[in-house]
Amino acid sequence: MSAAPVKGPESSTTGVFSKGRAAISARTLRTDSWWVPPLVTVLGLGTFVIYATVRSFARAAYWVNDYHYLTPFYSPCLSASCVEGSSHLGTPIGHLPMWIPLGFLVLPFLLLFRLTCYYYRKAYYRAVWFSPPACAVAEPHQKYTGETKLPLIIQNAHRYFFFVAAIIAVINTYDAAISFHGKDGGFGIGLGTIIITGNALLLWAYTLSCHSCRHIAGGRLKHFSAHPVRYWFWTKVSALNTRHMLLAWTTLGTLILTDFYVMLVASGTISDPRLIG
Ligand code: FES
């Protein structure tokens with residue numbers, strides 16, 4: 001394979017065109033389908049972003065009063081604009097104009113938690129920002145400043161978004177608990193209960209598998225033997241952490257599934273199969 005001179009600007013001091021890097025003009029020498037994973041990633045993330053945005057602004061079919069099903073995209077619903085029965089924590093916020101989603105208090109934090117997630121960073125740095133698109137494929141950027149400047153320095157706040165995400169997981173758990181509601185007002189279980197509860201459990205699994213959570217559990221300790229409880233928690237979180245990518249994608253799917261199912265039942269398109277009540 002012949003090596004032609006590098007085309008990058010002389011002024012580049014970082015990145016693949018810097019003077020210290022191998023002088024290879026081809027963007028990559030890979031012959032496999034290296035572009036498939038980034039393409040699948042961008043399609044998956046794009047689908048979720050479009051779906052979540054449309055549903056968040058829809059203000060329709062997000063609450064099933066008979067069975068107390070609330071979609072996670074509207075939880076908690078704290079505005080006087082929320083449909084009757086869906087505001088479990090009251091309505092401290094007045095009516096909201098149509099251009100503000102009813103779940104506006106939770107959506108930005110969830111978005112920031114996911115956007116700053118270590119796994120998602122890898123995914124969209126590659127698939128969206130091409131930095132780099134894949135191993136051994138040169139990126140188009142001529143400079144690399146890492147996460148040391150705005151806006152990417154915000155990634156360092158991920159550890160704080162974790163705490164907000166944990167609070168949101170508690171709210172999702174409450175939503176799951178009240179979905180055990182029968183039509184006559186007593187105890188009940190339907191397919192929606194199972195979907196909402198399964199989604200809440202998986203959201204917990206994703207949240208607890210966070211790298212920041214793992215550090216909170218076992219970081220900055222000199223001797224695990226002196227902290228058996230934290231060591232036990234750290235081993236559990238570490239086991240979950242090995243599945244973090246899987247949980248990241250699974251919960252995107254279960255969020256869509258849960259919202260879509262609640263929408264179908266709330267709109268009367270389907271009826272909820274009931275096991276009890
Ligand atoms: Fe992914 Fe924290 S690293 S949620």
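FYI, it's all coordinate maths here, none of it is from the lab. Please read these numbers as outputs of a predicted model, since none were measured by experiment. Virtual Cβ from ideal backbone geometry, glycine too; neighbours counted across all protein chains shown.
A few comments on the model shown:
- Scanning region 143-155 for any residue that is closer than 18 Å to HIS211 by Cα and either away from the ligand (no atom under 16 Å from the Cβ) or among the hydroxyl-bearing types (Ser, Thr, Tyr) (or both) turns up at least one such residue.
- On the stretch given as region 133-155, residues that are of a type outside the set (Val, Ile, Thr) and either at positive phi or without any contact (Cβ under 8 Å) to a residue 12 or more places away in the chain (or both) total 8.
- Scanning region 52-71 finds one or more residues that are within 30 Å of ALA166 (Cβ to Cβ) and of a type in the set (Lys, Arg).
- Leading residue by the ranking (farthest from ALA60 (Cα to Cα)) among those in region 227-277 that are assigned to a helix (DSSP H, G or I) and among the charged types (D, E, K, R): ARG230
- When region 255-277 is filtered for residues that are farther than 22 Å from LEU45 by Cβ and of a type in the set (A, V, I, L, M, F, W, C), the ones remaining, listed by number, are VAL262, LEU264, VAL265, ALA266, ILE270, LEU275, ILE276.
- Among (1) farther than 15 Å from ILE256 by Cβ; (2) touching a strand residue (DSSP E or B) at 6+ places or on another chain (Cβ under 8 Å) - the single one LEU39 does not satisfy: (2)
- VAL128 meets the conditions (1) closer than 30 Å to ALA61 by Cα; (2) away from the ligand (no atom under 16 Å from the Cβ); (3) not aromatic (Phe, Trp, Tyr) in every case but one. The failed one is (1).
- Any hit, region 198-211, residues being within 16 Å of the ligand (Cβ to nearest atom), out of contact with any strand residue (DSSP E or B) (no Cβ under 6 Å at 6 or more places or on another chain), farther than 30 Å from LEU275 by Cβ and without any contact (Cβ under 8 Å) to a residue 12 or more places away in the chain: no
- Members of region 266-277 found to be buried (at least 19 other Cβ atoms within 10 Å of the Cβ) and over 15 Å from THR197 (Cβ atoms), listed by number: ALA266
- Taking every residue in region 95-118 that is farther than 17 Å from TYR51 by Cα and pairing it with any residue that is away from the ligand (no atom under 16 Å from the Cβ) and aromatic (Phe, Trp, Tyr), at least 6 positions away or on another chain, the pairs with Cβ-Cβ distances below 9 Å are LEU96/PHE104; MET98/PHE57.
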